[in-house]
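No lab work stands behind these numbers, since they all come straight from the coordinates. Computed from a predicted model, the values in this text were never measured in an experiment. All Cβ positions, even for glycine, are placed from backbone atoms using ideal geometry, and neighbour counts span all protein chains on display.
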Amino acid sequence: MEVPLDYIRRRLVNTLLAGLALPVRSAVAGVDQPPLLFGTTPVFLDEQAEFLARWRAYLETVLRRPVRFVQRANYRDILNLLLGQKLDCAWLCGYPYVRMKAQLELLAVPVYAGRPLYRAYLIVPAEDTATRSIRDLRGQVFAYADPDSNSGWLVPQVELKRAGEEAGRFFKKSFYTWGHRKVIEAVGSGLARGGAVDGYIWDSLARLHPELTGATRVAWRSPEYGFPPIVIRRGAQGMEALRHTLLGMAHTPPGQALLARLNLDAFTLGDDGLYASIEANWRYLEA
């Protein structure tokens, strides 16, 4: 009997995908151990639940211990859980890290486009070809991502202060979207005339959903800042295995596939020098 060509193609694709990702459920040795609790906020992926399930399977297989991702809508909730010893580690922003670094320690830093750095973007509707800086948006509606976000709040606040402006009076109205993707959606749909967004997320969505970012234009790019890190409570025990596992992801096919889904190259060791400019901006704003 002749096998349909479409069937052969589907089997080939499934076989290739199976080689790139671990099964969503994996047998874990040491299931009697307490799960490793890993805090995250929403990322840009459409299939976020599926991705986290595959990442969990990968971590469990390598660590030989249960892993549970704990998601919250904002950085503040994740930070409070971490400091309250209800999480073992968290993927946080550099801004809360520098404010709380006496209590936090870097575990690993993502590498994006070859470097552990990213930029903040000022975005406007695509039809706005005149705006060149945040100073051009006086009296407009502006969208922030999160009050604990470097790119989505701190950077625009600092830019306004350097221009001699008071952020609370500069805009007609401002609001938080509680997500960088939502900032892009707010600006693209006309809910806001400008927004502050993580450049890595805008660039990643430009690859995955050009119809979404295509409704916006990047009017300004900030200097580079340390990429949002994975952190632990200072002095937390037993985290070396997780650090080793994250650093090793770039050297295994399943790990590489997971990193590719995140549009990242690898994880690397970081140091406080990466976040010095964020700390300088925070102290400047507080002065």
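The GluC sites (Glu not before Pro) of the range 99-187 that DSSP puts in a loop, and whose beta carbon has at most 10 other beta carbons within 10 Å, are GLU127, GLU166. As a proxy for reagent exposure, ranking VAL124, VAL70 by other Cβ atoms within 10 Å from fewest up yields VAL70, VAL124. Label the range 117-225 by shape, choosing from rounded, prolate and oblate, from the square roots a ≥ b ≥ c of the eigenvalues of the Cα gyration tensor; if a/c is under 1.5 it is rounded, and otherwise prolate applies when a/b is larger than b/c, oblate when it is not. Judged from the Cα gyration tensor, the range 117-225 comes out prolate (a/c at least 1.5, a/b above b/c). So which lysines pass the test for LYS173, namely a Cα distance under 29 Å, with those fewer than 8 places away in the same chain ruled out? Correct list for LYS173: LYS161, LYS182.
Each label point was placed 7 Å from the Cα along the Cα-to-Cβ direction; for THR268 and ALA102 their separation is 3.0 nm. Spin-label pair ARG76-ARG221: with each label point 7 Å from Cα along the Cα-Cβ axis, the two points sit 3.2 nm from one another.
Considering only ARG217, ARG169, ARG76, the mean-square fluctuation computed in a Gaussian network model of the chain, springs between alpha carbons under 10 angstrom, is largest for ARG169. Quick check: net charge around PHE142, other residues with Cβ under 9 Å of its Cβ, Lys/Arg +1 and Asp/Glu -1? Once positives and negatives cancel, what remains is +3.
How high is the FRET efficiency between ALA241 and GLU211 when r is their beta carbon distance and R₀ equals 30 Å, given to the nearest 0.05? Write down the numbers at each step before the final one.
Values: r = 41 Å, r/R0 = 1.38.
With R0 = 30 Å, the Cβ-Cβ based efficiency is 0.15.
Quote the FRET efficiency, to the nearest 0.05, computed for ALA113 versus LEU83 with a Förster distance R0 of 30 Å and r equal to the Cβ-Cβ distance. Rounded to the nearest 0.05, the efficiency is 0.45. With the simple model of a label 7 Å out from the Cα in the direction of the Cβ, TYR176 to ALA280 spans 2.8 nm.
Look at PHE69, PHE267 and count the other Cβ atoms within 10 Å of each Cβ; fewest to most, that gives PHE69, PHE267.
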